[in-house]
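The values are calculated or read from the model by the stated rules, or taken from the named source; none is laboratory data. Since the model is a prediction, treat every value here as computed from it, not as a measurement. Counting neighbours? That spans all protein chains shown, and the Cβs are built from the backbone with ideal geometry, glycine included. Just so you know, the surface numbers come from the protein's heavy atoms only, side chains and all, with ligands and any DNA or RNA stripped out. Shrake-Rupley method; radii C 1.70, N 1.55, O 1.52, S 1.80 Å.
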Amino acid sequence: MAIIKVGKDDLKTRDSALLELREYFSGLEAAKGRQITFSVRTYGCQLNESDSEKLCGMLESMGLKEHEGESAADVTIFNTCAVRENAEDRLFGNLGIIKSDAKNDKDMIVAVCGCMTMVEKNVDKIRKSFPYVDLVFDPQHLHLFPVYLRDSIRRKKQLVNISADDYIVDDSLVPISRKRKFRALVPIMYGCNNFCTYCIVPYARGRERSRELSEIIDELQILADQGYKEVMLLGQNVNSYKGSNGEKFPDILKAASEIKGFSRIRFMSSHPKDVSDEIVEIMASSPNIEKHLHLPLQSGSDRILKLMNRPYDRSDYLKTVHYFRKLVPEGSLSTDIIVGFPGETEEDFKETLSIVKECAFDSAFTFQYSPRPGTKAASMEDQIPHDIVTERFGRLLELQNDLAHKSNLAKVGKTEEILIEGQSSTAPDILTGRTMSNHLVNFTIPDALKIPGKTSDDYEGMLCDVKFTGARPYSVDGEMVKLK
Ligand code: SF4
């Protein structure tokens, strides 16, 4: 399947559609005597969040305003995730909830995009059960969303636009509306060539394709000039980045760390087979690159890793962990683990528990295996009974919660720099933020350090030093000692 590079000239159709839509929506605004609004509902990973920021950017450039409140917006887009069954069920549930709104308002537009659209059975279900969905389009064609929206309005009946072509678009050509004023999501590559046997992503997001290094550096420089303090470099496999002149991921890390203005450079997701010693060395030697490595393990059993088509074994994985722990002793390590993969025996599971203990992960995303239609693992024999999966999952959670708590306890008494993310979800006068090692911290600000007239959210993006006073299973408590 060819990778199609999209440049400025290829977007002329998009631009004329944007113009037409601006006219259409200003006409609708005049007719309804009110602002026309949109709502983009995002499921899944940060790449989906970044895609949603682009959808919001395009909708704002049509003259629409983001909807506030529970009632339905004039244009509602569901940006979906297909990684697990419950993510899919949530979409169908939410489509059911807005049925009456869509039926009562003939001008209301409902659209579905994201990874679920690349699974045929989902599109069939939308066609049959949700005829009031006006538009279905795939993640690869996000840049052409205005064209599809215009066409679905003209057609006045459901438009499904799905193709498996792999596109790489110069992201700077797509309007974007970033959600956080201090953190910017910056995709550097798209797609995945790994075909882990349990994963739908390679079928949903296509083959790996990387943005031009110069494009990424230009975008990062603009973000630094705009005052963004943190960037998250994104990709299904950031480490397998390949620039058109042979550039690799370390080149991006080094270039990003040399741009003045960023306090935090983060990246997600890594694949253990592609995490080189050089990446760990750059993390250790660059003050503004996060001291946190997310390294999805999935299983501690070499036999299961083979069945998952994950091309590394325990000893390879532990070599990277030990090198990271040696070069970045103040750093944190997180992972992804699947429990109950087809064929997993009690011995295999014990292998997972023992490597979790040895790695002493600071945090982990833990999942019960969920068969994804279309993946190899879904048709494998020896699917594990749900009660056994749940029992094992409980044991893993107990171990990992204890490790996470110990990691937070080890912070108590220390003072570290925090990038403030705003008001904590627990209390209005509590601020929240993260350490360089990605530990979540909730902290108070003494009156003497408060800036008169500022609310908690006004401190978003500022740096401060916090003394850690206590620890909980998933976070650290503290008190600000210096505002920077
Ligand atoms: S590396 Fe494996 S788990 Fe990750 S996106 Fe690719 S196929 Fe899925």
Carbon and sulfur %, accessible surface of segment 181-290 computed with the full protein complex present, 1.4 Å: 51 percent
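Loop-only check: which GluC sites (Glu not before Pro) in segment 232-337 are DSSP coil with at most 16 other Cβ within 10 angstrom?
Working: sites: 247, 258, 278, 281, 290, 330; in loops: 247, 258, 290, 330.
Sites meeting the loop and neighbour criteria: 258, 330.
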Among 335, 475, 378 - extreme Cα towards positive end, dipole of the chain, charges at beta-carbon: 378
Area of residue 386 that stays accessible when all protein chains are in place (1.4 Å probe, Å², to 10): 130 Å²
Alpha-carbon centroid distance for the pair segment 412-484 / segment 9-70, whole angstrom: 35 Å
Signed unit charges on C-beta, dipole axis of segment 261-316, positive-most listed residue 282, 301, 272: 301
Net length gained if the chain between residue 94 and residue 10 were fully extended (0.36 nm per residue, minus Cα distance): 26.8 nm
Estimated distance in nm for a label pair at residue 381 and residue 221, the labels positioned 7 Å out from Cα along Cα-to-Cβ: 6.0 nm
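Hey, got a sec? Which trypsin sites (Lys or Arg not before Pro) in segment 44-114 land in a DSSP loop and have at most 10 other Cβ atoms within 10 Å?
Values: sites: 54, 65, 84, 90, 99, 103, 106; in loops: 84, 106.
Hits after loop and neighbour filter: 106.
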Cα-based convex hull, segment 181-290, per residue volume (Å³, whole number): 101 Å³
Charge dipole (debye, nearest 20) of the chain; +1 at Cβ of Lys and Arg, -1 at Cβ of Asp and Glu: 500 debye
Listed residues 255, 201, 231: farthest to the positive end of the dipole of segment 181-290 (Cβ charges): 201
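Subtracting the Cα-Cα distance from 0.36 nm times the residue separation, let me have the gained length for residue 193 to residue 26 in nm, one decimal. Walk me through the numbers before you get to the answer.
Values: separation 167, 0.36 × 167 = 60.12 nm, distance 4.37 nm.
Extra length available between residue 193 and residue 26 comes to 55.8 nm.
Which value, in Å², gives the accessible area per residue of the chain when a 1.4 Å probe is used on the protein heavy atoms? Don't skip to the end; give the middle numbers.
Values: 20670 Å² over 484 residues.
With the other protein chains kept in place, the chain gives 43 Å² per residue.
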For segment 112-198, the Rg and Dmax computed from alpha carbons only, in angstrom: 15.2, 43
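Given Cβ point charges of +1 (Lys, Arg) and -1 (Asp, Glu) and nothing else, what value in debye, to the nearest 20, does the dipole of segment 3-168 about its Cα centre take? Intermediate values should be presented prior to the final figure.
Details: 24 positive and 27 negative charges, 111 e Å.
The calculation lands at about 540 debye.
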Förster-model FRET efficiency, 35 Å R0, residue 451 and residue 414, C-beta, rounded to 0.05: 0.90
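Which pairs break 24 Å Cα to Cα here: 229/291; 242/376; 125/376; 291/376; 454/482; 54/181? List each step's numbers first, then the result.
On the way: 229/291 16 Å; 242/376 27 Å; 125/376 22 Å; 291/376 35 Å; 454/482 16 Å; 54/181 15 Å.
Pairs exceeding the cut-off: 242/376; 291/376.
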Cys residues of the chain counted as unpaired, since no other Cys beta-carbon is under 4.7 Å: 45, 56, 81, 113, 115, 192, 359, 464
Convex hull (Cα only) mean projected area of segment 3-168, reported in nm² to one decimal: 9.4 nm²
Contact order relative to length of the chain, as percent, for alpha carbon pairs under 8 angstrom and 6 or more apart: 10 percent
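Round to a whole number: what % of the accessible area of segment 347-454 belongs to carbon and sulfur, probe 1.4 Å? Display every interim value, and only then the final one.
Working: 3120 of 5490 Å².
Carbon-and-sulfur percentage of accessible area, whole number: 57.
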For the chain: span of alpha carbons on each principal axis (Å, largest first): 64, 62, 47
Whole-Å distance, taken between Cα centres, linking segment 190-219 and segment 344-393: 25 Å
Dipole magnitude of segment 212-364, debye to nearest 20 (Cβ charges: Lys/Arg +1, Asp/Glu -1, about Cα centre): 260 debye
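Report, to two decimal places, the Cα Rg of segment 415-483 normalised by 2.2 N^0.38 Å (N = number of residues). All intermediate terms of the calculation are to be shown ahead of the outcome.
Working: Rg = 10.7 Å, N = 69, 2.2 N^0.38 = 11.0 Å.
Here the answer is 0.97, to two decimals.
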For segment 360-481, alpha-carbon Rg and Dmax in angstrom: 19.7, 65
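Taking 0.36 nm per residue of separation and subtracting the Cα-Cα distance, what length does fully extending residue 395 through residue 65 add?
Numbers: separation 330, 0.36 × 330 = 118.80 nm, distance 4.70 nm.
Difference between extended and current length: 114.1 nm.
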Helix-derived mean residue ellipticity, 222 nm - over the chain, DSSP H n ≥ 4, -39500 (n - 2.57), to 500: -11000 deg cm²/dmol
